[in-house]
Amino acid sequence: MSLPSLAEVEHADWATLERIAARLGLNPKGRSGVVRMRVLDHVRHRVRLESWRPGVQQQAALLTRLGHPDSAARLWESTIQLDEPAPWVGLGRAQLGAGELIEATKAFDRAAQMGDASANLHRAESLAASGNYEEAARACDAYLTARPRDLRAMLLKAGFLAHGGWTDEAATVMRDAFETHPNLRELWRGLGTLLLKGNRVEAAAEAYREALRADAKDEASWINRGSALLLGGRTREAIGAFREVLEANPRQAIALNDLGVAYLRDGQAKSAAINLERAAKHMETPQILLNVAKVQEATHQRSAALESYSRILALKPRDADAVAARKRLQLSKAPRRPAPRKARRPLKKRRVPRKKTAKPTRRKSRPHPRAARKSRRRGPREARRTRPTSKPRTRPKPKRARSRSR
Amino acid sequence: MSSPPEEVGERFLPSVDRLEAAVHAGRKALEGGRYDDALRQFNEALRLKPEYDVAWLLRGHALRRMGDFDGALQSFAQTLRHNEESEEGWMGLAASLHELRRYKEEAEAYDQLTKIHPRLVEAWLNKGAALHDLKDYKGAIACYDKVLSLRPEHAAAWNNKGAALLRLGDEAGAAGCFDEALHFNPDFFDAMVNRIFLSQRQGHHGDVAFWADRALRVRDVAWLWYAKGLAHLGLLESTMALKAFERTLELDPALKEARAGARRAKSLREKVDFYRGVYECFGTHLAGDPGCAECEIAARCREVTR
């Protein structure tokens, strides 16, 4: 005889309760609360909670997550059926975990053939893991045929294209993705970085402009837009972008450095030197120091430049630029033999070197996430067992010795 | 595979092995109930490393189990000196203070612990119990409410809250709390006992007999049989009362009140002896209840239901 559930008994009306009690062979007479309690007691003592045991598929999925892909693959193989793509996807994941990329791709392919569109994305990942970005992008296309507006697939495709070196195509896909999902404006920054890497400076500057439209206070976008403009030869506009950052944060070392470089490009060596030195004061990196040294060298401050090169070498002892520059400056310092006098020629006007001058430092658009540190607990856990229970202490004192007279 | 012994011997601090071995042996002894052995091992561990908080903690537990609460208190205090955020250390310290009936300090210990672990349900519950002992029932209720905000299904917290409300005279509120406790844990002995106290206070003999009957299925104690006997007397069930008093005297022959109760039951039996047969409601008549409406002996129940 099947037992009613506890909830069923708790909410049963009187007639139902009487019927249940009679069916279970219990006394149905008495106050409803008492009868209900009687039935509940019976059900509680009879009902046996069935313990949950994971099925083969759950075990296989857990094993994959726990880092036992070989055992997981064996279990997945035992669950494979002709008309079910899920075990093939699971098998592919396990094989991917075991590093068997070709086998994993085949498994995903099988699942995709059975009609599971998501298997195409898994296939794309396994192809990308083996370095075949072209096929990976094609697999994304296959998925996008079934779900044309899927943002994840579009971004994955853009990523694979970028990794494969097709930056323009990647940028186009990303632009499509943003146009289909206009609420994701902040992703313009990622596109800008992608374009900047592909040396598409004009397009990058435009992408950063879109990003700034979404968040006008985004420092990284301002700096990267400035860098793009500077690389595109629009020095004045670049200076404006860097100044925007420095108005909000005058100690932003990267903006100071880039502004210095921009001034140098613009022929304002003094302003360049001031900004670069300020940048070096806040952030002493070899790149910034190299920029400072080059400006100093360009403005004939030989001893200061020498000192800057020495500081670079203290930070990065094998920096080729710094070593060569220091050698050059030291040689020029040595007394020369008096050369035979020649007729004086008019001095050529020295030009500020363009190519070999300081480079703008690009800021990474995404900071690296810092892993949260787990605090380690010391001491035995068994000590918890001794925690006192509140049971005997909380009830009012038993009135055992009090007699009641009636 | 275990490493060869010569490798162990070459360790930089050979005392570390002895320390680990001593603590391990101590734990084994503690689990096996050999408290003297356990204490000796923990003392050895502390000789090797006097600032080892775990050894102090385990020593405290060993002493507590041996009944040396002062010694246990000192050990737990040492644990906290070396590791002031030790949850187990604070719990042990508070438990020792409770055994020593230093309730105020116990509540302060739980205060410290709840500052470190604000979501520790046990600390809030025990703080409430300590405040209950200090007769600060409102403070205790605040602690139980905190527990119930974290774990609404905590039967002990419902029971304790009910006990505190009962002390404050809120019988309806207390009854609701005991009902909740018994809903979440139908075999909760303390909640049943508190329900009995409440019913006694309200003069509901039927409820007392009913809940005493249920509580006695969980724990067979003399004073509960005595309470049940008194309730049967109130319900004019002389034979049932007499049986209850006789069982009380079997369990605790020194209880004079039970002897007197038995005498009263015998004398009552000469006048009246009611028997409810299949009805185990013990006169808990409830107007409008469908079960009571169908009951053949409802009239007799009404006579004794207050």
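When we screen A:Leu62, A:Leu40 for residues that are assigned by TED's automatic domain parsing to the domain that holds A:Arg23 and surrounded by fewer than 18 Cβ atoms within 10 Å (Cβ to Cβ), the only hit is A:Leu40. Going through (1) crowded, with 24+ Cβ neighbours inside 10 Å; (2) outside any helix (DSSP H, G or I) one by one, B:Gly288 falls short only on (1).
How about region B:34-66: which of its residues are within 14 Å of chain A (Cβ to nearest Cβ) and outside any helix (DSSP H, G or I)? B:Lys49, B:Glu51, B:Tyr52 - these are the residues of region B:34-66 that are within 14 Å of chain A (Cβ to nearest Cβ) and outside any helix (DSSP H, G or I). In the set (1) out of contact with any Phe, Trp or Tyr (no Cβ under 7 Å at 6 or more places or on another chain); (2) more than 9 Å from chain A (Cβ to nearest Cβ); (3) under 24 Å from B:Gly162 (Cα atoms), B:Arg263 fails one condition alone, (3).
Being within 25 Å of A:Arg36 (Cα to Cα), part of a helix (DSSP H, G or I), within 18 Å of the chain's Cα centre (by Cα) and more than 12 Å from chain A (Cβ to nearest Cβ) is a property that holds for B:Glu180.
To keep it simple, each residue is scored yes or no on (1) part of a loop (DSSP other than H, G, I, E, B); (2) in contact with a His (Cβ under 8 Å, 6 or more places away or on another chain).
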| residue | (1), (2) |
| --- | --- |
| A:Ala60 | no, no |
| A:Thr64 | no, no |
| A:Trp76 | no, no |
| A:Gln81 | yes, no |
| A:Glu84 | yes, no |
| A:Pro87 | no, no |
| A:Arg93 | no, yes |
| A:Ile102 | no, no |
| A:Thr105 | no, no |
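The residues listed here are B:Asp190, B:Asp213; of these, the one that is within 12 Å of chain A (Cβ to nearest Cβ) and touching a residue at least 40 places away in the same chain (Cβ under 8 Å) is B:Asp213. Picking from residues in region B:112-138 that are touching a residue at least 24 places away in the same chain (Cβ under 8 Å) and β-branched (Val, Ile, Thr), the one that is nearest to the other protein chains (Cβ to nearest Cβ) is B:Val121.
Of all residues in region A:309-323, none that is not assigned by TED's automatic domain parsing to the domain that holds A:Ala298 has its Cβ atom under 7 Å from the Cβ atom of a residue that is outside any helix (DSSP H, G or I) and aliphatic (A, V, I, L, M), 6 or more apart or on another chain.
Just to verify a result, which residue in region B:236-252, among those that are crowded, with 24+ Cβ neighbours inside 10 Å and touching a residue at least 24 places away in the same chain (Cβ under 8 Å), is farthest from the other protein chains (Cβ to nearest Cβ)? Steps first, answer last, please.
At the first step, the residues of region B:236-252 found to be crowded, with 24+ Cβ neighbours inside 10 Å are B:237, B:241, B:244-245, B:248.
Add one more test, that the residue is touching a residue at least 24 places away in the same chain (Cβ under 8 Å), and what stays is B:237, B:241, B:248.
On the way: B:Glu237: 13, B:Ala241: 11, B:Thr248: 10 Å.
Taking the candidates together, the pick is B:Glu237.
Being surrounded by 15 or more Cβ atoms within 10 Å (Cβ to Cβ) and charged (D, E, K, R) holds for only one residue in B:Arg27, B:Arg47, B:Arg81, B:Arg101, and it is B:Arg27. Looking at region B:203-222, can you tell me whether even one residue there is among the small types (Gly, Ala, Ser), in contact with a Gly (Cβ under 9 Å, 6 or more places away or on another chain) and part of a loop (DSSP other than H, G, I, E, B)? For region B:203-222, residues among the small types (Gly, Ala, Ser), in contact with a Gly (Cβ under 9 Å, 6 or more places away or on another chain) and part of a loop (DSSP other than H, G, I, E, B): present.
The values are calculated or read from the model by the stated rules, or taken from the named source; none is laboratory data. This is a predicted model, so every value here is computed, not measured. Neighbour counts run over all protein chains shown; Cβ positions are idealised from the backbone, glycine included.
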